[in-house]
Amino acid sequence: METTPRFDTLLIHGGSIPGPAGATSVPIVQSSSYAYEKAEELEDVFRGRAVGQVYTRIGNPTTEALEKRLALLEGGGTAIATASGMAAITTAVLTILRAGDEILASSSLFGGTFSLFRDTLSNYGITTHFVDPLDLSAVAAGVNERTRLLFVETIGNPKLDVPDIPALADIAHAAGIPILVDSTVSTPWLATGAQLGADILTYSTSKYINGTGTTIGGAIVDRGVFNWNSPKFPHFEPFHKKYRAFAFTARARKLVHKDVGACAAPFNSFLLTEGIQTLALRMERHCANALNLARFLAAHPKVAWVGYSGLEDSPHHAVASRLYGGRHGGLLVFGAGDKASAFKVINGLNMAKNLANIGDAKTLVIHPASTICADYNAEEKALMGVTEDLVRVSVGIEDSRDIIADFTQALDAI
Ligand SMILES: Cc1ncc(COP(=O)(O)O)c(C=O)c1O
């Protein structure tokens, strides 16, 4: 009996294309452009009358395999792979908004996204208002007649708060605007876009999708569920006429993605099609190891506080358990008391690496206040939950006992 492939099967086979000579891994098509015998054939491809590749900035067979797999994993739709997670967010946002439009964004965001919204897009007439994503009435009240997008992270990085995405989606839809969800930290393994009710998703594939810290990449998934046929989005009209539910993808591909040029490199797409195959197994271990470390830290006398939604006393435990089926991800934060102690813990770790990334198989730590969030003033840091004593841990998939042993000796030494 034929069945629809399930999530773990799609991770391995979804969107795969056969390689030459029976090769089973997705082939790396390392070519900038694609030749056609006849001028008429290339004209047909350019005009959309025939399907085919043109130029790798616009499309590439290796990248397409990755895109198909990602879209299938989110419960259907289309995907665009990009050069980085920031490229995905930039492309998605520029596809939706025009000068004069506004974004209502969660105040609990990855620093790069915060900077894109606050510092870069504001120069081009796109204003962002930041709001606490846990305060649903503040979010509803934050929508005005110029708001064209609600932007939120599934699990805020590095605050690790867990907004109620379906409730936020209801607010966005009641206002006739889409909700764009950055699910980098949760990945579709914790919950798919279909389960969360997201219209568009973005992620940094540099993290858990890749899994081993070898690649920078990003992706946008358009679930094809938002109705762009609205006076709020007159610039979507020609795309909606022709591409209906997938007007967003059409506008992104025909304009922003093509024009900005932040495309995925074929070799990176290959690494991502390899890495993603073990996502389910890795995420299961990341979650288990993070819970073990969170419990250990919560009981440690030298640890002031721990932020991890898997802990029963976390203020995010109930929402996270409901949305993500008891899975709480691989990131946790803890307070070492003050900045000096936070530095001492980081310097005392032997196995965990001190670096600016998350989602690697290896355990990683960072002191956000002095690094990735160093440019923000005290008020902004407070908004993002970045205290001076905060250490962020991206818990790896090593043996949990070795991770705990590493933190034990580092904490004992302070
Ligand atoms: C939640 C989140 N979104 C987006 C990004 C940006 O991704 P990239 O570094 O691949 O551009 C990051 C990077 O850390 C992130 O954590």
Could you check segment 230-262 and list, in sequence order, the residues that are over 21 Å from Ala172 (Cα atoms), hydrophobic (A, V, I, L, M, F, W, C) and outside any helix (DSSP H, G or I)? Ala262
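Restricting to segment 171-194, give me the number of residues that are more than 16 Å from the ligand (Cβ to nearest atom) and either within 20 Å of Ser321 (Cβ to Cβ) or part of a strand (DSSP E or B) (or both).
Looking only at that region, the number is 2.
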Members of segment 202-223 that are within 10 Å of the chain's Cα centre (by Cα) and more than 11 Å from the ligand (Cβ to nearest atom): Ile220
Being within 16 Å of the ligand (Cβ to nearest atom) and either at pLDDT 95 or above or within 19 Å of the chain's Cα centre (by Cα) (or both) narrows Asn354, Asn350 down to just Asn354
For segment 207-226, which positions are among the hydroxyl-bearing types (Ser, Thr, Tyr) and surrounded by fewer than 24 Cβ atoms within 10 Å (Cβ to Cβ)? Thr212, Thr214, Thr215
Please verify whether Phe296 is surrounded by 17 or more Cβ atoms within 10 Å (Cβ to Cβ) and not basic (Lys, Arg), treating the condition exactly as stated. yes
Can you find a residue in segment 315-337 that is surrounded by fewer than 16 Cβ atoms within 10 Å (Cβ to Cβ) and either within 16 Å of the ligand (Cβ to nearest atom) or acidic (Asp, Glu) (or both)? no
Being in a loop (DSSP other than H, G, I, E, B) and among the β-branched types (Val, Ile, Thr) is the filter here, so list the residues in segment 365-396 that pass it. Thr371, Ile372, Val386, Thr387, Val395
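Test Thr184 against the criterion of being surrounded by 22 or more Cβ atoms within 10 Å (Cβ to Cβ), within 16 Å of the chain's Cα centre (by Cα), at pLDDT 95 or above and not aliphatic (A, V, I, L, M), and give yes or no.
Answer is yes for this residue.
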When the residues of segment 262-276 are filtered to those that are more than 17 Å from the chain's Cα centre (by Cα) and over 14 Å from Gly218 (Cβ atoms), which remaining residue is surrounded by the fewest Cβ atoms within 10 Å (Cβ to Cβ)? Phe267
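Take Tyr243 and decide whether it is touching a helix residue (DSSP H, G or I) at 6+ places or on another chain (Cβ under 9 Å), modelled with pLDDT of 95 or more and within 13 Å of the ligand (Cβ to nearest atom).
no
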Quick check: is even one residue across segment 160-167 surrounded by fewer than 23 Cβ atoms within 10 Å (Cβ to Cβ), more than 15 Å from the ligand (Cβ to nearest atom) and either charged (D, E, K, R) or part of a loop (DSSP other than H, G, I, E, B) (or both)? yes
Being farther than 21 Å from Gly211 by Cβ and either in contact with a helix residue (DSSP H, G or I) (Cβ under 7 Å, 6 or more places away or on another chain) or in contact (Cβ under 8 Å) with a residue 60 or more places away in the chain (or both) is the filter here, so list the residues in segment 350-370 that pass it. Asn350, His367, Pro368, Ala369
Residues that are in contact with an Asp or Glu (Cβ under 6 Å, 6 or more places away or on another chain) and hydroxyl-bearing (Ser, Thr, Tyr): list the helices (runs of 4 or more DSSP H) wholly contained in segment 14-96 that include at least 1 such residues. none
Just to be sure before I move on: is Phe296 over 30 Å from Gly77 (Cα atoms) and modelled with pLDDT of 95 or more in the structure I sent? yes
Scanning segment 230-255 residue by residue, those buried (at least 19 other Cβ atoms within 10 Å of the Cβ) and touching a residue at least 24 places away in the same chain (Cβ under 8 Å) turn out to be Phe233, Phe246, Phe248, Thr249, Arg251, Ala252, Arg253
Counted residues in segment 62-89 being of a type outside the set (Gly, Ala, Ser), surrounded by fewer than 24 Cβ atoms within 10 Å (Cβ to Cβ) and within 14 Å of the ligand (Cβ to nearest atom) come to 1
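The values are calculated or read from the model by the stated rules, or taken from the named source; none is laboratory data. Nothing here was measured: the structure is a model prediction, and the numbers come from that model. FYI the Cβ positions are ideal-geometry reconstructions off the backbone, even for glycines, and counts take in every protein chain you see.
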